[in-house]
Every structure is written in structure tokens, then in C-alpha cells.
Amino acid sequence: MTRQCIFPDHFLWGAATSSYQIEGAWNEDGKGESIWDRFARIPGTIEDGSSGDVACDHYHRWREDIALMRELGLRSYRFSIAWPRILPNGRGKVNQAGLDFYSRLVDELLAHDIIPFVTLYHWDLPQALQDEGGWPLRSTAEAFVEFADVVSRHLGDRVKHWITHNEPWCASMLGYQIGRHAPGLQNWPAALAASHHLLLSHGWAVPVLRRNSLGAEVGITLNFTHAIPASPSAADLDACRHFDGYFNRWFIDPLYGRHYPADMVADYIDAGYLPPEGMTAIEPGDLQAIAVQTDFLGVNYYTRAIIRSTAIPESDNLPPTVQLAPQEEWTEMGWEVYPDGLYELLVRLYFNYRPPKLYVTENGASYSDGAGSDGRICDTRRQRYLRDHLSAAHRAIAAGVPLSGYFVWSLFDNFEWDKGYTQRFGIVWIDYTTQQRIPKESAAWYRKVIEANAIELD
Ligand code: FCB
């Protein structure tokens, strides 16, 4: 017997992308260089030696892409703005052609009844700012506010959903501590300063966005990894506390007025990552600015982490420690499929921090299933992944969580950062030689879900 889970009225169904991962046109129409343009050129940084130079060529194909979104029934589209298209040097001179591109995109979305959900920063920092030092510098946070101001002054009449940052954990830790993402540094003190300036720039940008975009919803997106200890031993419990602090609490706590977690500051001082006096990057007023009231919390969720004290959490990206699930339950990223983690996370976030509302701003799976002999792309594992996570989200709503929307990662197969094109997250297949777009079965399924405002469980 099938069971239907109906979502609340006006639940916002969408799909997400980001500028560097899909746009291409890396040096066209006055765009400046970004840290990803630079980083991808360093031999050995990207698994397949590729870059986002062309990616899905969305910069040229945006019109047909929006027509496709309409066919898929999307109600909303989450995309990001390439900062170096707008301010090629990071601040100062504005590149009108860059603004025009996004302005046309927004108009076309609205003409198709698709709500634009705009992320300002999805990691493509202007290289000019990195040359000065990048996010470890306070001046980068100031430049971000200028960027937010320029963009929202031009789009704020039509865009009414703003995300300041996507996943500051990745921007700071993968970029400045682990070094797997641009700019590729491995420097703990720099990464911690970067995390502070990312959050600070969010806090400073929120009032600017509100001023330039009347009535808009403004928030931030964090990535969370649901962490559980591998055993009840004191050592595993403590390792789990540390991982949760490093990955989750370090970012969410200051945003909700709780300062940086004291246990983590102590751990970082012990490890020599911070001086004995703690977070010296903090200036008077910073924590109040970071804790600015927002309208929603964006949640990106992919997997959980099982934490064992003998593993070193900071040694790599996800999942950092032990895998208990059999391999057939991992996606091709090596991430365990664990839908219950989304339920646990949404409940924890809402009841602990009380954001007025939440959106799942990313959730999805990497499977490379391609076309069969009939030309159809039967990505049943992705479809199951999405359905089971939506079911978990639905349970969270039933438990009282004000979840207001869900965005699949991703609309398209795209440039998956250091993994290049080896990973396919899209509900639409991209043939990178012809740039043909082929909706997968999961896209057809998602269209029906949107139409019904419901999922069916067997
Ligand atoms: C998230 C990123 C997104 C994509 C997915 C798989 O961390 O926000 O750009 O790479 O992971």
C-alpha cells in the first residue's frame, strides 16, 4: 500500500546550482579572475585535471535552461552570483555586463513564475582580494558588504530571497585549513580568522540587503553533518563533541547569539591554533553583528559522520571517520545515505536555535548512471535518496519544524570542485561534449512531487 505525505501549502520546491559550477565563460564580458579560476589551474588540485572554464556553459544557455526549469515544474531556483563578474577587482569598479547578466536571468525566471533564490557567496572570491590575503583579513568582509550592496541595489526590487553565504565551513576550513578547495592553504590560524570574517560579513550584509530589498527574506546557509559517536566510550563521546563543535556549532552558535563555543576555543588554544587569549580577530561589536536577526536558516545536508576517537576529524572532508554502513549504501562521493540524519538535524536546529523558518537549501546524491539503450537515464538510486530525505523532512514538519522549502542539489550535473566532473549530482544530465541537457528519471519524478505537493512511500 502506498502512503502519501502531503507538504504544507506554499512549500517552496526548487533546485540549486552555483556560479562557478555551471556558468563557464570564466573570462568573458569583463569578469575578473576568481580564486577557483586560479586554483583549478594548479596541477594536481582537481581530480580529473578539469576546471570550470566552460562547465555547463550556462552563461550562454541560461534562456534554454530556464525553459527547462519551467518544464520540470520548479517553483524556485537557487543560484549564486559570481562576485568577480560584478566587481572584477573585488571592490571599486562595477562591471555593468555582469549585473546585466543576472538581471536578465532574474527577469526571465520571474516571467516563468520561478522564484529566484539568490546566494551571494558560493566560494568564487575575486582573486584580487585573495592576493591581499583573502578571508583571513577583515577588509575582505568589508568588500563583501560592498558586493552585497551593489547586487541588491540592482536586483533587490525583484529578488526577495537572499542567502549571504553558502557553507562558511567549506569556505574557511576546506579553503584555508584542509586546502582541498581554493585558495588551497593549510593554515589553522588563517582558517579560524577566515571563519570569523565570513560570519561577520554576513552580519554586516543583512541590514544592507534589507534596506535595498524591501520585504525580502534574508538568511544564511550552513552545511551540517549529523555526528554520532562510534561507541559510548568517553573518548568517542569527546571526539564526537569536538567534531560537532568544529563542523556545526562553530558556525551556528555565534549566528544565534551564543558566541564561539567555549569548548572549541579551549581545544584550539590547546592545539596551538589560537593564541592563549583566544579569538583575537574579534573586535568589539562583532558578535552582536553576527547574531543579527535573520528570516530563515538554510540547511545543506548530505550525510552523517560516525566519530571514533582514533580518527582525526580534521584530516579530510566528509565523512571524516568510520563507515559502518555497507558500501552499497554510499553515494559515489563515498557519503553514507542516511535520511534519518536530516530529521534529527532539522529537529535539533529548530528546537535549539529557533530560527523563524528553515529551508533545505541543498540535498542530493552523486550517482553517475547514464542513458540506457532506450536513451532514458534511470537514476533510481537518486530518486530513492530524494524520496527518503523528503520523507525525513516531512517527519520533521510533523514534529513542529517550520520547514518552508526544499532545493535539490543539483539541477544539473556540474563541476564538483576538487572532484571536477567525476561526480554527477544532477537531476538533469549534462553531455559535456555537446552541452546537451537530458532530464533524468528523477527529474520526471520530482516534477510529479511538485505537482502533487506530496511524496508517495511504499
Ligand atoms: C556542497 C556545496 C555544493 C556541492 C555539494 C555537493 O557542499 O555547497 O556546491 O558541491 O556540496
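The values are calculated or read from the model by the stated rules, or taken from the named source; none is laboratory data. It should be emphasised that the depicted structure is a prediction, and the values quoted were computed from it without experimental measurement. Cβ placement follows ideal geometry from the backbone for every residue including glycine, while neighbour counts extend to all protein chains displayed.
With respect to the conditions (1) within 15 Å of the ligand (Cβ to nearest atom); (2) at pLDDT below 95, TYR385 lacks only one, and its number is (2).
Taking each residue of region 20-45 that is within 13 Å of PRO126 (Cα to Cα) and looking for partners that are acidic (Asp, Glu) and surrounded by fewer than 24 Cβ atoms within 10 Å (Cβ to Cβ) with beta-carbon atoms closer than 6 Å, six or more apart or interchain, yields TRP26/ASP37; TRP26/ASP53. In region 202-218 there is at least one residue that is in contact (Cβ under 8 Å) with a residue 60 or more places away in the chain, touching a Ser or Thr at 6+ places or on another chain (Cβ under 8 Å), closer than 22 Å to MET279 by Cα and within 16 Å of the ligand (Cβ to nearest atom).
Is it true that some residue in region 450-458 is over 19 Å from GLY52 (Cβ atoms), of a type in the set (Asp, Glu), assigned to a loop (DSSP other than H, G, I, E, B) and away from the ligand (no atom under 16 Å from the Cβ)? Within region 450-458, one or more residues are over 19 Å from GLY52 (Cβ atoms), of a type in the set (Asp, Glu), assigned to a loop (DSSP other than H, G, I, E, B) and away from the ligand (no atom under 16 Å from the Cβ). Contact map, region 145-170: residues that are more than 16 Å from the ligand (Cβ to nearest atom) paired with residues that are outside any loop (DSSP other than H, G, I, E, B) and among the acidic types (Asp, Glu), Cβ distance under 6 Å, separation 6+ or inter-chain. Pairs shown: HIS161/GLU217. Of the set (1) more than 24 Å from ARG348 (Cα to Cα); (2) acidic (Asp, Glu); (3) in contact (Cβ under 8 Å) with a residue 60 or more places away in the chain, all apply to GLU362 but (1).
Under the condition of being under 25 Å from ASP65 (Cα atoms), more than 16 Å from the ligand (Cβ to nearest atom) and either under 21 Å from the mean Cα position of the chain (by Cα) or not in a loop (DSSP other than H, G, I, E, B) (or both), the residues counted in region 1-23 number 3.
Of the candidates ALA443, ALA396, ALA392, the single residue that is away from the ligand (no atom under 16 Å from the Cβ), within 20 Å of the chain's Cα centre (by Cα), surrounded by 19 or more Cβ atoms within 10 Å (Cβ to Cβ) and in a helix (DSSP H, G or I) is ALA392.
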